[in-house]
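Some notes on the structure that comes next.
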Amino acid sequence: MNAFDYFFADSKEQEKDFILGPKEAISYKALYKNSLKLSKYLKDTFGENNNIVLISPNSVFFVTAYLAIMKSGNTCVPVNPNIETNNLNFIIDVCKSKYIFIASELQNRFDLKKFTLINEENLNNILNSVEELVEADINDKDFSKERLAEIIFTSGSTGEPKGVMISHKNLIANTDSIIEYFKLESDNIIEIVLPFYYCFGLSLLHTHLKVGGSVVLNNAFIFIGSVINDLIKYKCTGFAGVPSHFQILLRKTKSFKTTHFPDLKYVAQAGGKLHTVFIKEFINSFPEIKFYVMYGQTEATARLSYLPVEMLNKKLGSIGKGIPGVKLEVFNDKYQPAKPGEVGEIVAKGDNIMMGYINDIEDTNRTIRNGWLYTGDLAYKDEDGYFYLTARKKEIIKVGGKRISPKEIEEVIVSIPEVVDCTVEGIYDEILGESIKAKIIVGNLKENILTNAAVKEYCANKLALFKVPQIIEFSDRIKIAATGKKVKRI
């Protein structure tokens, strides 16, 4: 089955709006018809099995192109609209792309003269020119769900992006799982601040499209007031974000915690570890709103685990258990299941696990072994089978031979009320190998009352002395990538 047909199975005739606003709207019926028309054009004009690049912010244009590319038997390659030219050229070269969908506002940023480009105006012309659809354009019963649907590029350890190949089966499996544990229904309306070239953002698109819900697209989270207004104006029942979104809302937005959101039923957090102090702060401020902690990777389509909301207080700090259809485990250095409390690497199995990295057999074989996805994340499992992240393998700091997780120190520092965020890393030290540096984000640098000595004393009361940062730097700006994730390099 084509993922497109799966997404629209129960909603293609609905007059209800799928995208509500604030800048544009489109109904399910119109989106389905337009995507099918564009799909027919792509198949008739370009054929199948092409890797088609899509460069656009979240919009009706993006969603229409994204769905049509997959329906046509081609592969969608969504990329960051703010991508650097060299990285875009790398992606186009790796994917051997000849066709590119691009928002008109972005065309002058790149030299794409040798490619076939489709912008919003071209798309409208195509939709007006396509003749009536026939049954073969709508139903393709022999389409294999094992086929490649999309390639999502993520940061690689070598500095070059890695193309994660996701099949139609991967999309269907992960969407089914997320809908099941969220219990999503057609009355759900979500505010989306996450970009669609990021797997977390796409998962929100997929799940709400499948259940017949609605989405509100907000591409300007930096204007916090617009997000707060959207949640109220569009009667949003859900909101999803990465840690920095919640940290900014809670500690850099004075009105957020005193605002009443009458329709908001849940919020969901993934894309990195949100320290427990912020989770406590949120649930204390909004006890009636469910808070979902989730964990995932692009290589797993999106989600791998979630913490049931009824277990949040009892298992605070945990990423929960595997989502429906996914088996999670912690393997030790001998590639055997670790004992409860023993730290090892999280591995996963399920129909949501990627096909591999494009043109990178070596990295694929290193990441997927004996059917298990090796995530690169270190964690342990408790006696009840709940997982707790400790660090990324490459983040571990070694001070005088002692292994230290940055997250442990960050968790302590962000518990200081004046702290918005904290990033801890190891820097070269002639004697110890590495020493610990902490960059601390406060609400306003000019009004900051914290001192180096006060932070060190606070840490010394809660941590072993060798875990106390030697270097402390204050700032009032969080460096955030376009996905909303914090830029960790300090």
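Worth pointing out:
- Of residues in the range 452-490 being within 30 Å of residue 82 (Cα to Cα), in a loop (DSSP other than H, G, I, E, B) and of a type in the set (A, V, I, L, M), the one modelled with the highest pLDDT: 478
- Checked against (1) surrounded by fewer than 21 Cβ atoms within 10 Å (Cβ to Cβ); (2) in a strand (DSSP E or B), residue 362 meets all criteria but (2).
- Conditions (1) over 33 Å from the mean Cα position of the chain (by Cα); (2) in a helix (DSSP H, G or I): number failed by residue 449: (2)
- Only a single item in (1) assigned to a strand (DSSP E or B); (2) among the β-branched types (Val, Ile, Thr); (3) in contact with a Leu (Cβ under 7 Å, 6 or more places away or on another chain) is not met by residue 267, and it is number (3).
- Flag if residue 353 is assigned to a loop (DSSP other than H, G, I, E, B) and crowded, with 16+ Cβ neighbours inside 10 Å: yes
- Scanning the range 226-245 for residues that are among the small types (Gly, Ala, Ser) and surrounded by fewer than 21 Cβ atoms within 10 Å (Cβ to Cβ) turns up just one, 226.
- Any hit, the range 330-343, residues being within 28 Å of residue 75 (Cβ to Cβ), without any contact (Cβ under 8 Å) to a residue 40 or more places away in the chain and not small (Gly, Ala, Ser): no
So that you can scan it fast, the table gives a plain yes or no per residue for (1) among the polar types (S, T, N, Q); (2) under 14 Å from residue 122 (Cβ atoms):
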{"site": "38", "(1), (2)": "no, yes"}
{"site": "45", "(1), (2)": "yes, yes"}
{"site": "60", "(1), (2)": "no, no"}
{"site": "63", "(1), (2)": "no, no"}
{"site": "74", "(1), (2)": "yes, no"}
{"site": "84", "(1), (2)": "no, no"}
{"site": "99", "(1), (2)": "no, yes"}
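- Against the numbered list (1) surrounded by fewer than 18 Cβ atoms within 10 Å (Cβ to Cβ); (2) modelled with pLDDT of 95 or more, residue 368 comes up short only at (1).
- Subset of the range 246-276 (residues that are buried (at least 19 other Cβ atoms within 10 Å of the Cβ) and modelled with pLDDT of 90 or more): 246, 249, 256, 264, 267, 268, 269, 270
- Filter result for the condition that a residue is assigned to a strand (DSSP E or B), among the basic types (Lys, Arg) and either surrounded by fewer than 21 Cβ atoms within 10 Å (Cβ to Cβ) or at pLDDT 95 or above (or both), over 327, 394, 339: 327
- Boolean, residue 49 is crowded, with 21+ Cβ neighbours inside 10 Å, part of a loop (DSSP other than H, G, I, E, B) and in the same structural domain as residue 128 (by TED's automatic domain parsing): no
- Filter pass, residue 60 being farther than 26 Å from residue 142 by Cβ, touching an Asp or Glu at 6+ places or on another chain (Cβ under 7 Å) and either assigned by TED's automatic domain parsing to the domain that holds residue 167 or at pLDDT 95 or above (or both): yes
- So residue 87, is it farther than 30 Å from residue 135 by Cβ and of a type outside the set (A, V, I, L, M): yes
- Those residues of the range 419-451 which are modelled with pLDDT of 90 or more and of a type in the set (Asp, Glu), in sequence order: 421
- Of all residues in the range 2-41 being free of Cβ contacts under 8 Å to residues at least 40 places away in the same chain and in contact with a Ser or Thr (Cβ under 6 Å, 6 or more places away or on another chain), the one that is nearest to residue 238 (Cα to Cα): 15
- Comparison of 11, 39 shows that the only residue that is over 24 Å from the mean Cα position of the chain (by Cα), among the hydroxyl-bearing types (Ser, Thr, Tyr) and assigned to a loop (DSSP other than H, G, I, E, B) is 11.
The values are calculated or read from the model by the stated rules, or taken from the named source; none is laboratory data. What you see is a predicted model, and the numbers here were worked out from it, not measured in a lab. Every residue, glycine as well, gets a Cβ built from its backbone with ideal geometry; the counts of neighbours run over all protein chains shown.
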